[in-house]
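A.B. asks: I have a structure I would like to understand better, so I am pasting it below and will then ask my questions one at a time.
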């Protein structure tokens, strides 16, 4: 299996907007600001995309050939511009999906995505796990447990 970490540093631009993340044309989850995700995939070539139906500027599609027992890091950068303040026009949302080297990614994930962790649970750091396998009991909880 190959492991892909996807993270989106916190930024004011598009902070409350969580674009959909696709792998090979299938929507997997929404990428929230200040969050990180972990996906394990079989070795193969994959197309990673940010909302392919939308016309965002930036690099919204990235193709990688994943190899077994390798780690990959993808960062989502974002910006927001207003075309013309005098007349109403839609915002220009920009997303850039970037393949990042290991050392830089680890440093950035530590800075952006672990800020809300207290000292008592630092030893239990876990990335949000998303699988391409579909249903999982990890995604459910007992509604009567309260």
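The values are calculated or read from the model by the stated rules, or taken from the named source; none is laboratory data. The structure displayed is predicted, hence computed values, not measured ones. When we count neighbours, we look across all protein chains shown, and the Cβ atoms used for this are built from the backbone with ideal geometry, even at glycine.
A.B. asks: How about the stretch 28-49: which of its residues are over 19 Å from residue 106 (Cα atoms) and modelled with pLDDT of 90 or more?
C.D. replies: 41, 42, 43, 44, 45, 46, 47, 48, 49
A.B. asks: For the stretch 60-83, check the following and say yes or no: at least one residue is surrounded by 13 or more Cβ atoms within 10 Å (Cβ to Cβ), at pLDDT below 90 and in a loop (DSSP other than H, G, I, E, B).
C.D. replies: Taking every residue of the stretch 60-83 in turn, at least one turns out to be surrounded by 13 or more Cβ atoms within 10 Å (Cβ to Cβ), at pLDDT below 90 and in a loop (DSSP other than H, G, I, E, B).
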